[in-house]
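J.: Could you have a look at this structure, given as structure tokens, before my questions?
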Amino acid sequence: MSDKNSLLEARGIGKSFLGITALDGVDFTLERGEIHALLGENGAGKSTLIKILTGVYSRDHGNMWLDGAEVTPANVAEAQALGIGTVYQEVNLLENLTVAENLFLGRQPRRFGLIDRREMRRRSQALLSRYGLDIDVDALLSSYSVAVRQIVAIARAVDLSGKVLVLDEPTASLDAHEVEMLFSVLSKLREDGLGIIIITHFLNQVYAVADRVTVLRNGRLVGTKKLAELPRLELISMMLGRELQHITREHQAQEETVASTAEAPIRFSGYGKRGSVAPFDLHIRPGEVVGVAGLLGSGRTETAFLLFGIDRADSGTATVDDRNITLSSPEAAITNGFGFCPEERKTDGIIGDFSVADNIALALQARQGWSKPISSREKAALAESFIKSLDIRPADAERPIKFLSGGNQQKAILARWLATNPRLLILDEPTRGIDIGAHAEILKMIERLCAEGMSLVVISSELEELTAVAHRVIVLSDRRHVAELSGDRLTADNIMQAIASSARMEAAE
Amino acid sequence: MIHSRNLPFVTTLGIFVVAYALCVMQFPNMLSTRVIGNLLTDNAFLGIAAVGMTFVILSGGIDLSIGSVIAFTSVFTAVMVGSLGVHPLIAFAAVLVISTLFGSLMGAMIRYLGIPPFVVTLAGMFLARGAAYLISTESVPISHEMIDAIQGFYFRFPGGGRLTALAMLMLAVFLIGAFVAGRTRFGANVYAIGGSQQSAELMGVPVGSTTVGIYALSGFLSGLAGIAYTLYTSSGYSLATVGVELDAIAAVVIGGTLLTGGVGLVAGTFVGILIQGLIQTYIVFDGTLSSWWTKIVIGVLLFVFIVLQRGIIWYSNRKLAESRLTASAQKS
Ligand SMILES: Nc1ncnc2c1ncn2[C@@H]1O[C@H](COP(=O)(O)OP(=O)(O)OP(=O)(O)O)[C@@H](O)[C@H]1O
Ligand SMILES: [Mg+2]
């Protein structure tokens, strides 16, 4: 029987998909008034456990109790009726509906049996104002940025959760300020006695907000601990089952070599677009990693869009090997040997029914032209090598990619661009949603590719990561390139300072 | 401000008004209640069926069985009333039950067997047509005092036009359909499923019952359209209404509903029907044009609208990019 005090309790949960065991005898307990982090590597089974608890999947084994009573939600609607609100990893709500319609789908306020739109609008505004969001709730969801959509999804789930709130990687597209706002809402809900489960790969956030942590590895329970009593390194080794090898920087030596090949073959001069990014100069040498830092909305992604021809520049020139090029479209950029791994790859990049191997080969095939198909042997070899080097799990190249966990799908998309062997690869947030072990692998891979002469532009909000991989970092603020840091001056603190001081300057203006 | 999702509807309405004005300039007589009344009556059965089709397309599906179900209904009613002497009301109730069940069955197959709507309703199309032939291959006349009474019932507009029972039935169906789509949870769920079935499911939308409900509704309205058609022609004929489902789809698309689902209005379909009726009326007034011009103009309009929809998607994507920029500019 269950422990009467727990809010939600699951015992011996087991689930397998087509012969793959995703969960094996997992116990999980959520108390009232706690924030409980659920951690583990990509593919550990976190999302699967959530989906079982919230009625998306049916479990093969085990039982669960809510408030001491045994429950088996058969679908999301039943879970919601029980007071469990969830933001799933892959859901971004419905773009064809308005914000208000999304917030109240399935529970619209009604008068005389008909939906009361005015009431719905009023309540939506009230709901979102708790998150500092003052937007037109009658506009389509698709007219807002990913971050706003994410907040709307969270607001909906919070409002739905009478007892339990589940958030599967909710902060992946939020900036620091929004994360803070979310956490203050969560703390308030905790005081109200709600139980909150949060999945994230940001350990800082785990320590900032959670009370206890449950770690899964390969579908098994590793343990549940109080965070206050758990040193970070121990938590990491619980997750990985081994110590994390530290990424050693060998930049000093490299910098010399990069600097000595003085001529940069890829040059952007006075490149910019009105209303998007102010004109900037960017010269990229072979083997160089250029980091791009800045707050969300400072023009980071817009810079990437310009470099890859998604947006057309209206000033400046681009040259490759002293040859003028026109980046009028992504195709043009690809022809010039550019590659771009976008921030929203999770939703945009994946063709679910294609196998992992097909997904990886896609960009390479496009570059070669469809008249010269890649043989299935080549494809398999390509997939094998990336599955190994990026540690994509399960290591089965023929599995449809939709059956992979979120983080493993991202690794496959990264592999897709790496496979084209571009001379300039632009990565927008390359390690979002990727677990800490794979994170290190990806950084190592970046170093190796650069040693082979590829140039990289890496956009990231994680300053530690930038300083670890980049040779120099361009700092953006308010759509302008405000500073460039390299050598000894390249530290996370200096980047922060550059962002802050330029913001201050603007305030003073 | 016009939200971009209403833009197709507003465009359709604009096209209708302009086209009507042009017609009236050429034939001033077209601006009479008589013409309008006839237009509504002549298109009543198509309009009723098109409301069901709107729901189906909004959910991202398609229903190809409509024309056959109308034919089946009309033959079935005609034989029951004309040959077997059953009271019309009983016959009507029976066909509505049958067509609704038929629709639910198709919906259940789509949902629970995972067969695409195109395939299921294509099979349904053959099945219903075959069943109609089985009942009778002749044109079966029908006459009953009650049917005569319905046919003879109308309100007179000033100017001599008639608002017949059939036209009223169609208007009522459009009105109720608009309310169901816009103001009920069922309607909201239809839009949600059309947007993304997976997301809708994860947001707690009862996808199964809604899908069955959508095709049941389409079946019911096809049955009702069949009754309207029987009343309109005073007979039942199993070879009739071939391809009506395509006319219905055309009305829905011209009315601004996206074929991919999730975006559109029942009112748009009404304007779509009016536009089709207007073209037919114009051809009648002109007197020299072949009636096939109706099809040609509808074909052209469909092209125009599909291009227009592409344009709107492109435009709203651009708007999205711009608003994202201004939003983040405000933030920093
Ligand atoms: N619908 C499915 N069909 C087949 N296999 C699945 C399905 N969903 C998950 N799996 C498999 O179950 C395992 C656990 O996946 P899950 O999504 O729970 O991982 P996760 O811990 O959420 O990882 P991530 O951090 O990458 O999101 C993976 O090996 C995955 O491939
Ligand atoms: Mg996951």
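J.: With the structure loaded, tell me whether A:I474 is more than 16 Å from ligand 2 (Cβ to nearest atom), more than 18 Å from A:H201 (Cα to Cα), of a type in the set (A, V, I, L, M, F, W, C) and away from chain B (no Cβ under 14 Å) or whether it fails that test.
T.: Details: more than 16 Å from ligand 2 (Cβ to nearest atom): yes; more than 18 Å from A:H201 (Cα to Cα): yes; of a type in the set (A, V, I, L, M, F, W, C): yes; away from chain B (no Cβ under 14 Å): yes.
Yes; evaluated as a whole, the condition is true for this residue.
J.: Of all residues in the range A:120-158, how many are over 18 Å from A:V179 (Cα atoms), more than 9 Å from chain B (Cβ to nearest Cβ) and of a type in the set (D, E)?
T.: 1
J.: Going through the range A:169-199 one residue at a time, which ones are crowded, with 23+ Cβ neighbours inside 10 Å and of a type in the set (D, E)?
T.: A:E169
J.: Continuing with this model, one more query. Working carefully through the options B:L217, B:L289, find the one that is at pLDDT below 90 and either among the aromatic types (F, W, Y) or open to solvent by 40 Å² or more (accessible area, probe 1.4 Å) (or both). Steps first, answer last, please.
T.: On the way: B:L217 fails: at pLDDT below 90.
Going through B:L217, B:L289 in turn, just one is at pLDDT below 90 and either among the aromatic types (F, W, Y) or open to solvent by 40 Å² or more (accessible area, probe 1.4 Å) (or both): B:L289.
J.: Follow-up question, since we're still on this one. Is it fair to say A:N204 is within 16 Å of ligand 2 (Cβ to nearest atom), out of contact with any helix residue (DSSP H, G or I) (no Cβ under 9 Å at 6 or more places or on another chain) and not hydroxyl-bearing (S, T, Y)?
T.: On the way: within 16 Å of ligand 2 (Cβ to nearest atom): no; out of contact with any helix residue (DSSP H, G or I) (no Cβ under 9 Å at 6 or more places or on another chain): yes; not hydroxyl-bearing (S, T, Y): yes.
No; evaluated as a whole, the condition is false for this residue.
J.: Separate question: Which count do you get for residues in the range B:1-41 that are surrounded by 18 or more Cβ atoms within 10 Å (Cβ to Cβ) and charged (D, E, K, R)?
T.: Qualifying residue count for the region: 1.
J.: Restricting attention to helices (runs of 4 or more DSSP H) lying wholly within the range A:397-472, give those where 3 or more residues are in contact (Cβ under 8 Å) with a residue 40 or more places away in the chain and open to solvent by less than 10 Å² (accessible area, probe 1.4 Å).
T.: On the way: elements: A:406-419, A:436-451, A:463-469.
The qualifying helices (runs of 4 or more DSSP H) are A:406-419, A:436-451.
J.: Another one. Determine which member of the set A:R122, A:R217 is open to solvent by 50 Å² or more (accessible area, probe 1.4 Å), basic (K, R) and either more than 16 Å from ligand 1 (Cβ to nearest atom) or under 22 Å from B:S199 (Cα atoms) (or both). Explain how you work it out, then say what you get.
T.: Working: A:R217 fails: either more than 16 Å from ligand 1 (Cβ to nearest atom) or under 22 Å from B:S199 (Cα atoms) (or both).
Of the residues listed, the single one that is open to solvent by 50 Å² or more (accessible area, probe 1.4 Å), basic (K, R) and either more than 16 Å from ligand 1 (Cβ to nearest atom) or under 22 Å from B:S199 (Cα atoms) (or both) is A:R122.
J.: Also, quick follow-up: Within the range B:156-171, can one find any residue that is polar (S, T, N, Q) and within 14 Å of another protein chain (Cβ to nearest Cβ)? Before the answer, list the steps.
T.: Residues of the range B:156-171 that are polar (S, T, N, Q), as a first pass: B:164.
The next check asks that each one be within 14 Å of another protein chain (Cβ to nearest Cβ); those that pass are none.
No, the range B:156-171 contains no residue that is polar (S, T, N, Q) and within 14 Å of another protein chain (Cβ to nearest Cβ).
J.: Quick check on the range A:89-109: of everything there that is open to solvent by 10 Å² or more (accessible area, probe 1.4 Å) and within 7 Å of chain B (Cβ to nearest Cβ), which residue is farthest from B:A188 (Cα to Cα)?
T.: A:V91
J.: Here is a follow-up. Quick one: B:A178 ticks every box in (1) open to solvent by 10 Å² or more (accessible area, probe 1.4 Å); (2) farther than 29 Å from A:M120 by Cα bar one, so which box is it?
T.: (2)
J.: Does at least one position in the range B:75-91 carry a residue that is under 16 Å from B:Y215 (Cβ atoms) and surrounded by fewer than 24 Cβ atoms within 10 Å (Cβ to Cβ)?
T.: Step one: filter the range B:75-91 for residues under 16 Å from B:Y215 (Cβ atoms), giving none.
Within the range B:75-91, not a single residue is under 16 Å from B:Y215 (Cβ atoms) and surrounded by fewer than 24 Cβ atoms within 10 Å (Cβ to Cβ).
J.: I need a count of the residues in the range A:279-307 that are within 14 Å of another protein chain (Cβ to nearest Cβ) and either buried (at least 22 other Cβ atoms within 10 Å of the Cβ) or closer than 21 Å to A:P330 by Cα (or both).
T.: Kept after step one, since they are within 14 Å of another protein chain (Cβ to nearest Cβ), are these residues of the range A:279-307: A:293-306.
Next, only the ones that are either buried (at least 22 other Cβ atoms within 10 Å of the Cβ) or closer than 21 Å to A:P330 by Cα (or both) stay: A:293-294, A:297-306.
The total comes to 12.
J.: For the range B:239-283, what are the residues that are open to solvent by 20 Å² or more (accessible area, probe 1.4 Å) and polar (S, T, N, Q)?
T.: Scanning the range B:239-283 gives B:T260, B:Q280, B:T281.
J.: Scan the range A:383-395 residue by residue and report those that are more than 9 Å from ligand 1 (Cβ to nearest atom) and open to solvent by 40 Å² or more (accessible area, probe 1.4 Å).
T.: Applying the first criterion (more than 9 Å from ligand 1 (Cβ to nearest atom)) to the range A:383-395 yields A:383-392, A:395.
Hits for the range A:383-395 are A:E384, A:S385, A:K388, A:D391, A:A395.
J.: Scan (1) under 22 Å from B:V17 (Cβ atoms); (2) open to solvent by less than 20 Å² (accessible area, probe 1.4 Å) for the single condition B:L171 breaks and write down its number.
T.: (2)
J.: Let me ask you something else. Could you list all residues from the range A:13-61 that are assigned to a loop (DSSP other than H, G, I, E, B), surrounded by fewer than 20 Cβ atoms within 10 Å (Cβ to Cβ) and within 16 Å of ligand 2 (Cβ to nearest atom)?
T.: Once the filter is applied, which keeps residues that are assigned to a loop (DSSP other than H, G, I, E, B), surrounded by fewer than 20 Cβ atoms within 10 Å (Cβ to Cβ) and within 16 Å of ligand 2 (Cβ to nearest atom), the range A:13-61 yields A:V56, A:Y57.
J.: Go through the range A:364-416 and report how many residues are within 14 Å of chain B (Cβ to nearest Cβ) and more than 16 Å from ligand 2 (Cβ to nearest atom).
T.: Residues flagged as within 14 Å of chain B (Cβ to nearest Cβ) and more than 16 Å from ligand 2 (Cβ to nearest atom) within the range A:364-416 amount to 0.
J.: Would you pick out the residues in the range A:1-26 that are away from ligand 1 (no atom under 16 Å from the Cβ) and not small (G, A, S)?
T.: If the condition is that a residue be away from ligand 1 (no atom under 16 Å from the Cβ) and not small (G, A, S), then A:M1, A:D3, A:K4, A:N5, A:L7, A:L8, A:E9, A:R11 are the ones that fit.
J.: Return the residues of the range A:75-88 that are touching a Gly at 6+ places or on another chain (Cβ under 7 Å), at the interface with chain B (Cβ under 10 Å from one of its Cβ atoms) and either of a type outside the set (D, E) or surrounded by 19 or more Cβ atoms within 10 Å (Cβ to Cβ) (or both); say none if nothing qualifies.
T.: Step one: of the range A:75-88, the residues touching a Gly at 6+ places or on another chain (Cβ under 7 Å) are A:75-80, A:83.
Checking the rest, the ones that are also at the interface with chain B (Cβ under 10 Å from one of its Cβ atoms) come to A:75-80.
The answer is A:N75, A:V76, A:A77, A:A79, A:Q80.
J.: Restricting attention to the range A:159-177, does a residue exist that is without any contact (Cβ under 8 Å) to a residue 40 or more places away in the chain and away from every other protein chain (no Cβ under 14 Å)?
T.: Checking the range A:159-177: at least one residue is without any contact (Cβ under 8 Å) to a residue 40 or more places away in the chain and away from every other protein chain (no Cβ under 14 Å).
J.: Looking at (1) more than 16 Å from ligand 2 (Cβ to nearest atom); (2) open to solvent by less than 40 Å² (accessible area, probe 1.4 Å); (3) farther than 23 Å from A:G193 by Cβ; (4) not basic (K, R), which is the only condition A:T72 fails?
T.: (2)
J.: Continuing with the same structure: Out of the residues in the range A:396-418 that are more than 19 Å from A:G433 (Cβ to Cβ) and away from ligand 1 (no atom under 12 Å from the Cβ), state the one that is farthest from the chain's Cα centre (by Cα).
T.: A:E398
J.: Here is a further query. Looking only at the range B:180-193, which residues are in a helix (DSSP H, G or I) and either within 7 Å of chain A (Cβ to nearest Cβ) or touching a strand residue (DSSP E or B) at 6+ places or on another chain (Cβ under 6 Å) (or both)?
T.: Of everything in the range B:180-193, those that are in a helix (DSSP H, G or I) and either within 7 Å of chain A (Cβ to nearest Cβ) or touching a strand residue (DSSP E or B) at 6+ places or on another chain (Cβ under 6 Å) (or both) turn out to be B:R183, B:R185, B:A188, B:Y191, B:A192.
J.: Please determine whether any residue of the range A:27-36 is touching a Gly at 6+ places or on another chain (Cβ under 9 Å) and within 16 Å of ligand 1 (Cβ to nearest atom).
T.: Here is the first cut: in the range A:27-36, the ones touching a Gly at 6+ places or on another chain (Cβ under 9 Å) are A:27, A:30-36.
From what is left, the residues that are within 16 Å of ligand 1 (Cβ to nearest atom) are A:36.
Looking for residues that are touching a Gly at 6+ places or on another chain (Cβ under 9 Å) and within 16 Å of ligand 1 (Cβ to nearest atom), one finds at least one in the range A:27-36, hence yes.
J.: So which helices (runs of 4 or more DSSP H) stay within the range B:1-111 end to end and still have 1 or more residues that are within 14 Å of chain A (Cβ to nearest Cβ)?
T.: On the way: elements: B:7-26, B:33-42, B:44-58, B:66-78.
Hits in the range B:1-111: B:7-26, B:44-58.
The values are calculated or read from the model by the stated rules, or taken from the named source; none is laboratory data. Note that the structure is predicted; figures quoted are calculated from it, not measured. Methodologically, a virtual Cβ is constructed for each residue, glycine included, from the backbone with ideal geometry; neighbour enumeration extends over all protein chains shown. These accessible areas exclude ligands, DNA and RNA; they are computed on the full protein's heavy atoms, side chains included. Shrake-Rupley method; radii C 1.70, N 1.55, O 1.52, S 1.80 Å.
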